[in-house]
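The values are calculated or read from the model by the stated rules, or taken from the named source; none is laboratory data. Remember, it's a predicted structure, so these values are computed and weren't measured experimentally. Cβ: placed from backbone, ideal geometry, glycine included. Neighbour counts: every protein chain shown.
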Amino acid sequence: MSRFNYEQSEFYGAQKNNYFNLKDDGDTAVIRFLYNDINDVEGVAVHEVQVGDKTLDVECLRAYNEPVEKCPFCNAGKAVSAKMYIPIYDETSKESKIWKRGKTFFGRLAKLCERYRPLVGVPVEVVRNGKAGEKTTTYELLPQGENKDNKQVIDFPEIKAEGIAYQVKSKEDMEYYLRNGVFSEDNQVQTRQNTQTSREVPIRRRTPNYGSEEDSF
Ligand SMILES: [Zn+2]
């Protein structure tokens, strides 16, 4: 469980240097995927929610086959997106970062994992194909098999996506958000008027709305 207060919330979402990205067409970087094998790779089902001018990814509280009542955001009809928050090491900036990708990236990582064991032992050149802001942007992955070494995940600075790239909230936190438009810990430094005047908003029962896969690569 990761909690942060209003001041600390500046460190979430806004802090871009935690994220790996290539800005424009033809940009490249050499990275390591901080995974040993496919068993380390996982996707996260999240709800994107607005808090002020920030968008937070909040982990969905139910498995795909569980009833919507398990997750207040699902129950309120908020879209679920399946994302990957991939821990990588950027060889250029010498930092560990999170690379946000859609779930379809799973298959590409699986292929790399089959070929290189452990995956972290091979530097991979990433090439961006697509101009800044272009929805059809793809990324080429070029493993540098000739530079393979015996490095392990433990040899690189640790980075955890939870708390940086997505948040884990309780059912109560979500219900609070649905009533107030903020999470309770954000609200502590704001006026208390909001909470005093807020009323229970009836939660409509709907089937979950699965968002379309927005990430192309
Ligand atoms: Zn949910």
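Select from segment 138-150 the residues that are in a loop (DSSP other than H, G, I, E, B) and modelled with pLDDT of 95 or more and list them in ascending order.
Passing the criteria: Gln144, Lys148, Asp149.
Take Val153 and decide whether it is within 16 Å of the ligand (Cβ to nearest atom), over 17 Å from Ala29 (Cβ atoms) and aliphatic (A, V, I, L, M).
no
Return the residues of segment 52-82 that are assigned to a strand (DSSP E or B) and either more than 11 Å from the ligand (Cβ to nearest atom) or among the small types (Gly, Ala, Ser) (or both); say none if nothing qualifies.
Residues satisfying the conditions are Lys54, Thr55, Leu56, Asp57, Ser81, Ala82.
All but one of (1) more than 16 Å from the ligand (Cβ to nearest atom); (2) closer than 20 Å to Arg179 by Cβ; (3) among the β-branched types (Val, Ile, Thr) hold for Val49, so report the exception by its number.
Answer for Val49: the failing condition is (1).
List the pairs whose first member sits in segment 19-33 and is within 16 Å of Gly145 (Cα to Cα), whose second member is modelled with pLDDT of 95 or more and among the hydrophobic types (A, V, I, L, M, F, W, C), and whose Cβ atoms are under 6 Å apart, counting only residues at least 6 apart or on separate chains?
Ala29/Val126; Ile31/Ile88; Ile31/Val124; Ile31/Val126; Arg32/Val120; Phe33/Ile88; Phe33/Leu119
Restricting to segment 125-171, and then to whatever is hydroxyl-bearing (Ser, Thr, Tyr) and over 22 Å from Glu42 (Cα atoms), can you tell me which residue is surrounded by the fewest Cβ atoms within 10 Å (Cβ to Cβ)?
Thr136
Residue check: is Ile86 part of a strand (DSSP E or B) and more than 16 Å from the ligand (Cβ to nearest atom)?
Criteria met by Ile86.
Which of the residues spanning segment 31-85 are polar (S, T, N, Q) and in contact with a strand residue (DSSP E or B) (Cβ under 9 Å, 6 or more places away or on another chain)?
Result: Gln50, Thr55, Ser81.
Of the residues in segment 135-154, how many are free of Cβ contacts under 8 Å to residues at least 24 places away in the same chain and not hydrophobic (A, V, I, L, M, F, W, C)?
2
Which pairs have Cβ atoms under 6 Å, sit 6 or more apart or on different chains, and link a residue in segment 72-100 that is closer than 16 Å to Gly121 by Cα to one that is away from the ligand (no atom under 16 Å from the Cβ) and polar (S, T, N, Q)?
Tyr89/Ser96
Looking at Lys23, Lys16, can you tell me which residue is at pLDDT below 90 and either touching a Leu at 6+ places or on another chain (Cβ under 7 Å) or within 27 Å of Arg108 (Cβ to Cβ) (or both)?
Matching residue, one of Lys23, Lys16: Lys16.
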